[in-house]
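*Asks:* Take this structure, written in structure tokens, and hold onto it; I'll ask about it next.
The values are calculated or read from the model by the stated rules, or taken from the named source; none is laboratory data. Please read all numbers here as calculations on a predicted model, not as lab measurements. Please note: Cβ atoms are built from the backbone with ideal geometry, for glycine as well, and neighbour counts cover all protein chains shown. Please note that ligands, DNA and RNA were not included when accessible areas were found on the heavy atoms of the full protein model with its side chains. Shrake-Rupley method; radii C 1.70, N 1.55, O 1.52, S 1.80 Å.
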Amino acid sequence: METFLIKALQLILAFVILVTIHEFGHYIFARIFGMRVERFYLFFNPWFSLLKYRPDKNTVQIIAWTKKDKDGKEIPKALLTFKTGKEHPAMKNGKPTWRSTLYGIGWLPLGGYCSISGMIDETTDSNKLATEPQPWEFRAKKAWPRLMVMVAGVVFNFLLAIIIYIGIAWHWGDDYVAYDQAYEGMDYAEQLHKAGFKDGDILLAHNGVHAEASDATLQWNIMDKGGVVTVLRNHRDTVDITLPDSFVKEMIDNDSKQPLMTYRIPVIVSEPVAGEPAIKAGIQAGDRIVRVATDTTPTLKEFHNALDANLDKTVPMLILRDNKELTVDCHINGTSEGKGVIGIKLTEPAKIFPVTHIDYSLWESIPKGITDGTDRLCTYVSSMKYLFTKEGAQSVGGFGAIGDLYPSSWNWLSFWNTTAFLSVILAFMNILPIPALDGGHVVFTLWEIITRRKPSLKVLEYAQYIGMMFLFLLLIYANGNDIYRFFFK
């Protein structure tokens, strides 16, 4: 339950940041071009809002809704209403100001919206635009300003990702273990085993380019069919492995939570726990355990398997101490989950392998952030080709899959890295030419620029309905996949 709450809190905080920035992009450009923004909302507000702020009335409403009187006029209602000062006019000299906008927070965290006067979107239909266009309306402006308003949300999301990556580089820098410095190599996913990899292979190159552990996109790029990965096997043989065309399909079919590859960590004792079998057997800090009973244990993976296979037994263990071999007899206790333990604290990888740390000044972090943002965008766009396959469609996930990207314990570096990547995804997905998304509005505006003919309001309205229906069905499908995987996979 605690893990779920931590992931959920991270996801909600990320949504608050991403949605606010996206809608602010639309808002600020609408204001620059003199358009009136009717509403600026974080999250959706069907039936009621958690909060409403009316700057022109200087009122804040908590749990607010509207009720129609007998004449059909909407009357604002609220559980609590606060006055924050004197009332101010929303329009000055016939021009909208920031006070013209109703700012609110909805209760349904599926997105947000920026409702601009004279624009057909999820909050407006063509019947409300039957009057003559007013100078402050979206429809009264030329095509180019309207186009810039529509792409602003996407641009702001991508810029946010770059700014986050700049901040990560400046604050944390880069810490990584070079692949050729991890002398036990890597553990690989089962699908990579089938492709020809073996646990312990040391990654050297991808398509002839030296494999850099600092390149966060490398593991994505390795999945491309036909790519050639060069590894060092048994510390002496150089092997080229070509990824088969079926590799991505197999990864999707197996729906594996196992990472593509992870560092193999040797079993080096940091500290034996008082009163536990390891200290009773004479195991000391700095010892490396290389065999349990008859099983060699070069890394934690083999070590844990060997312990599980010898529950409640006293077995010989071969250890290396000061480069000398020593055998001790050690009892293996069993946990309530059926796992074998001997009572040791393990040495963390950063103290085993040489860690390369790169510090970036503010000026150095800027090109680093730009490179990281564009690399992740290119990698994500490249991966989209797999979505249009049967297996790719089955891998589509909803909020559960997105929340699962976040770690189970709060870590600000992981949070910002994941949020930046989601901002890249949000930017790309919103520019797709689907009605109801920014990309759909962009297509209609470009059509107008090219043909010099505006689509009719009815066409725009019907396109909006179709787009909203498509997105609603996609939302159901994606979250349905999450539910299916949770219960049946």
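*Asks:* Are any of the residues in the range 289-296 outside any strand (DSSP E or B) and either at pLDDT 90 or above or open to solvent by less than 50 Å² (accessible area, probe 1.4 Å) (or both)? Full working, then the answer.
*Replies:* The initial filter retains those residues of the range 289-296 that are outside any strand (DSSP E or B), namely 293-294.
Still in the running and either at pLDDT 90 or above or open to solvent by less than 50 Å² (accessible area, probe 1.4 Å) (or both): 293-294.
Yes, some residue in the range 289-296 is outside any strand (DSSP E or B) and either at pLDDT 90 or above or open to solvent by less than 50 Å² (accessible area, probe 1.4 Å) (or both).
Yes or no, residue by residue, for (1) assigned to a strand (DSSP E or B); (2) aliphatic (A, V, I, L, M); (3) modelled with pLDDT of 90 or more:
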residue	(1), (2), (3)
148	no, yes, yes
154	no, yes, yes
167	no, no, yes
192	no, yes, no
197	no, no, yes
200	no, no, yes
214	no, no, no
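*Asks:* Only one of (1) closer than 26 Å to residue 134 by Cα; (2) open to solvent by less than 50 Å² (accessible area, probe 1.4 Å) fails for residue 15. Which number is that?
*Replies:* (1)
*Asks:* Going through the range 435-482 one residue at a time, which ones are modelled with pLDDT under 80 and either among the hydroxyl-bearing types (Ser, Thr, Tyr) or in contact with a Lys or Arg (Cβ under 6 Å, 6 or more places away or on another chain) (or both)?
*Replies:* 456, 462, 465, 477
*Asks:* Looking at (1) over 14 Å from residue 285 (Cβ atoms); (2) open to solvent by 50 Å² or more (accessible area, probe 1.4 Å), can you tell me which one residue 345 breaks?
*Replies:* The single condition residue 345 does not satisfy is (1).
*Asks:* Of all the residues that make up the range 51-70, how many are surrounded by 16 or more Cβ atoms within 10 Å (Cβ to Cβ) and assigned to a strand (DSSP E or B)?
*Replies:* 9
Yes or no, residue by residue, for (1) closer than 17 Å to residue 268 by Cβ; (2) under 19 Å from the mean Cα position of the chain (by Cα); (3) in contact (Cβ under 8 Å) with a residue 60 or more places away in the chain:
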position: 331; (1), (2), (3): no, no, no
position: 335; (1), (2), (3): no, no, no
position: 338; (1), (2), (3): no, no, no
position: 345; (1), (2), (3): yes, no, yes
position: 348; (1), (2), (3): yes, no, yes
position: 362; (1), (2), (3): no, no, yes
position: 367; (1), (2), (3): no, no, no
position: 377; (1), (2), (3): no, yes, yes
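*Asks:* Take the residues of the range 338-363 that are of a type in the set (S, T, N, Q) and not in a strand (DSSP E or B): which is nearest to residue 163 (Cα to Cα)?
*Replies:* Within the range 338-363, the first condition is being of a type in the set (S, T, N, Q), and the residues that meet it are 347, 356, 361.
Filter once more, so that each one left must be not in a strand (DSSP E or B): 347, 361.
Working: 347: 35, 361: 14 Å.
Filtering first and then ranking leaves 361.
*Asks:* Taking the options 89, 76, name whichever one is touching a residue at least 12 places away in the same chain (Cβ under 8 Å) and either assigned to a strand (DSSP E or B) or of a type in the set (Gly, Ala, Ser) (or both). Steps first, answer last, please.
*Replies:* Working: 89 fails: either assigned to a strand (DSSP E or B) or of a type in the set (Gly, Ala, Ser) (or both).
Matching residue, one of 89, 76: 76.
*Asks:* Also, I was wondering about something else. Quick check on the range 197-214. Is at least one of its residues of a type in the set (Asp, Glu) and open to solvent by less than 20 Å² (accessible area, probe 1.4 Å)? Let's see the steps before the verdict.
*Replies:* As a first pass, look at the range 197-214 and keep what is of a type in the set (Asp, Glu): 199, 201, 212.
After this cut, where a residue has to be open to solvent by less than 20 Å² (accessible area, probe 1.4 Å) as well, the list is 201.
Yes, the range 197-214 contains at least one residue that is of a type in the set (Asp, Glu) and open to solvent by less than 20 Å² (accessible area, probe 1.4 Å).
*Asks:* Quick one: is residue 278 part of a helix (DSSP H, G or I), surrounded by fewer than 13 Cβ atoms within 10 Å (Cβ to Cβ), touching a residue at least 40 places away in the same chain (Cβ under 8 Å) and touching a strand residue (DSSP E or B) at 6+ places or on another chain (Cβ under 8 Å)?
*Replies:* On the way: part of a helix (DSSP H, G or I): yes; surrounded by fewer than 13 Cβ atoms within 10 Å (Cβ to Cβ): no; touching a residue at least 40 places away in the same chain (Cβ under 8 Å): yes; touching a strand residue (DSSP E or B) at 6+ places or on another chain (Cβ under 8 Å): yes.
Here the answer is no, as residue 278 does not meet what is asked.
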